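The values are calculated or read from the model by the stated rules, or taken from the named source; none is laboratory data. Just so it is clear, the structure is predicted and the values come from calculations on it, not from any experiment. We place every Cβ from the backbone using ideal geometry, glycine too, and count neighbours over all the protein chains shown. Each accessible area value is taken on the protein alone, full model and side chains, heavy atoms only, with ligands, DNA and RNA left out. Shrake-Rupley method; radii C 1.70, N 1.55, O 1.52, S 1.80 Å.
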Amino acid sequence: MRTRHSLPLDKKLILFNSFSGVYSMRKGGDLFFKSLEKINQEFEVLIIGNYIDKNINQKVHHKIHWIGKIDNDLMLSELISCADLLVLPSRIDNLPQTGLEAQACGLPIVAFDTNGVKDLVEHKVDGYLAKPYDIKSLKDGIEWILNELDTSNELIKNSLKKSEEKWDSIIIAKKYKALYEKILNINN
């Protein structure tokens, strides 16, 4: 997939994926870039979303691959699969689809320990939960995952397992069915 999308084969790729782009305060793009400035490891950045700003390349000392908005689900899954981890630095989010998509592709997630994201990421099992809105903690989480990926693929296995066991559409449909049946039985 990396060859198909002209992405490097020999570098770790950190993904930021937000339909509204990196400039949405709600999605935390500013926190993402500030955390990247503090990381001394080798990696490149993959950004999927609405806005492309080449000026950010001057602030972040790592190569950025700006993809722009993707309206094709197959292409989106291919691009997500090219990454090594997803950073989800949202200030306000419930259970973001971006995270569900990343887990389905086997990506560990670095996110803040807030809102519905806590249901998505299990700390140091399938990702890393950073202290809310703390840039150093976000940076520490990114570094921790990059280091773990160098020595083990457990984070990847755990992400895929969670996606299959918790987020699969058949499992969700069964849970809705059970809930509706419970509600209907209460009213009888």
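Close contacts from region 145-172, counting a first residue that is within 15 Å of Leu13 (Cα to Cα) and in contact (Cβ under 8 Å) with a residue 60 or more places away in the chain and a second that is outside any helix (DSSP H, G or I) and open to solvent by 80 Å² or more (accessible area, probe 1.4 Å), with Cβ to Cβ under 7 Å and a gap of 6+ residues or different chains, come to none at all. The set of residues in region 130-169 being open to solvent by less than 30 Å² (accessible area, probe 1.4 Å) and not in a helix (DSSP H, G or I) consists of Ala130 alone.
Pairs meeting the criteria (first residue in region 9-26 and over 13 Å from Leu46 (Cβ atoms), second residue among the aromatic types (Phe, Trp, Tyr) and open to solvent by 20 Å² or more (accessible area, probe 1.4 Å), beta carbons under 8 Å, at least 6 apart or on different chains) are Gly21/Tyr51; Tyr23/Tyr51. Count of region 170-179 residues, restricted to those that are open to solvent by 60 Å² or more (accessible area, probe 1.4 Å) and either in contact with a helix residue (DSSP H, G or I) (Cβ under 6 Å, 6 or more places away or on another chain) or among the small types (Gly, Ala, Ser) (or both), is 0.
Each row is one residue, and each column tells you yes or no for (1) of a type in the set (Lys, Arg); (2) open to solvent by 20 Å² or more (accessible area, probe 1.4 Å); (3) in contact with a Lys or Arg (Cβ under 9 Å, 6 or more places away or on another chain).
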| position | (1), (2), (3) |
| --- | --- |
| Thr3 | no, yes, no |
| Leu9 | no, yes, yes |
| Leu15 | no, no, no |
| Ser18 | no, no, yes |
| Lys27 | yes, yes, yes |
| Phe43 | no, no, yes |
| Trp66 | no, yes, yes |
